[in-house]
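**Q** The structure that follows is given in the form of structure tokens.
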Amino acid sequence: NAGVMQNPRHLVRRRGQEARLRCSPMKGHSHVYWYRQLPEEGLKFMVYLQKENIIDESGMPKERFSAEFPKEGPSILRIQQVVRGDSAAYFCASSPAGRVYNEQFFGPGTRLTVL
Amino acid sequence: DQQVKQNSPSLSVQEGRISILNCDYTNSMFDYFLWYKKYPAEGPTFLISISSIKDKNEDGRFTVFLNKSAKHLSLHIVPSQPGDSAVYFCAASMRNNAGNMLTFGGGTRLMVKP
């Protein structure tokens, strides 16, 4: 049973470019979460998605950031017109449906560097 | 406003001894708590969790204690092993949160010396 997959593992972008981060949840998991970790800080919640639905995006910056989880394919976190402050590790986590409390299982992360 | 705090950024322990990692929270709505372990360049790995209806949960060398009145939880690792050296994050969640999002502390770096 493969774990949560994220790609790319490392992504370098210049200011103003777009970054696309992909996440494939564990088999059988229908809930996907995105978190961001800035250097020397803990992980901060960004968005929670189920298939074709954004459930909670209270942690997403209001501009330039968007997320989707289509019916087919991985979840995508998209950052438009990246700035240096977007440099961080972005982690995706997944959990199964149908339980009140779920441990979330994390992927290895994508480390975004904005030059 | 940091709702989950880990006030010790680092902890050094001798192999074989007990490691105690602490975590405080401010939001009384949190009712489910988790500990994750993280190695460099990897994602966090789930270790152990506890519901607010309990005050202790044990799994092998790992025990989590919850003191609701003090809004404090701790992770005990005994005996500590060099392979336990990592960053440990506590996280909190609440039943009524539609997405069960986790609120993380800032982490404690544990170093277990041989």
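The values are calculated or read from the model by the stated rules, or taken from the named source; none is laboratory data. Everything quoted here is computed from the prediction, not taken from an experiment. Heads up, the Cβs are rebuilt from the backbone with ideal geometry, glycines too, and the neighbour counts pull from every protein chain shown.
**Q** Only one of A:16, A:85, A:73 is assigned to a helix (DSSP H, G or I) and either within 11 Å of chain B (Cβ to nearest Cβ) or surrounded by fewer than 19 Cβ atoms within 10 Å (Cβ to Cβ) (or both); which?
**A** Matching residue, one of A:16, A:85, A:73: A:85.
**Q** Restricting the search to region A:59-96, which residues are of a type in the set (Gly, Ala, Ser) and within 18 Å of residue A:2 (Cα to Cα)?
**A** So the first thing to find is which residues in region A:59-96 are of a type in the set (Gly, Ala, Ser), and the list is A:59, A:66-67, A:73, A:75, A:85, A:87-89, A:93-95.
Answer for region A:59-96, where residues must be of a type in the set (Gly, Ala, Ser) and within 18 Å of residue A:2 (Cα to Cα): A:73, A:75, A:93, A:94, A:95.
**Q** Of the residues that sit in region B:90-114 and are among the hydrophobic types (A, V, I, L, M, F, W, C) and not in a strand (DSSP E or B), which one is surrounded by the most Cβ atoms within 10 Å (Cβ to Cβ)? I'd like the intermediate steps shown before the answer.
**A** Taking region B:90-114 as the starting set, the residues that turn out to be among the hydrophobic types (A, V, I, L, M, F, W, C) are B:90-92, B:94, B:98, B:101-102, B:104, B:110-112.
Among the residues that remain, those that are also not in a strand (DSSP E or B) are: B:94, B:98, B:101-102.
Values: B:94: 16, B:98: 9, B:101: 24, B:102: 27.
In this case the residue turns out to be B:102.
**Q** I'd like the full set of residues that are among the hydroxyl-bearing types (Ser, Thr, Tyr) and either surrounded by fewer than 18 Cβ atoms within 10 Å (Cβ to Cβ) or part of a helix (DSSP H, G or I) (or both), limited to region A:105-115.
**A** Scanning region A:105-115 gives a single hit, A:113.
**Q** Next question, about the same structure. Scan the strands (runs of 3 or more DSSP E) fully inside region B:34-89 and keep the ones with 3 or more residues being under 18 Å from residue A:4 (Cβ atoms) and free of Cβ contacts under 8 Å to residues at least 60 places away in the same chain.
**A** Details: elements: B:45-51, B:56-59, B:62-67, B:72-77.
Correct list: B:45-51.
Residue-wise test of (1) at pLDDT below 90; (2) closer than 19 Å to residue B:35 by Cα; (3) under 15 Å from the mean Cα position of the chain (by Cα); (4) not in a loop (DSSP other than H, G, I, E, B).
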| site | (1), (2), (3), (4) |
| --- | --- |
| A:63 | no, no, no, no |
| A:67 | no, no, yes, yes |
| A:78 | no, no, yes, yes |
| A:94 | no, yes, yes, yes |
| A:100 | yes, yes, no, no |
| A:103 | yes, yes, no, no |
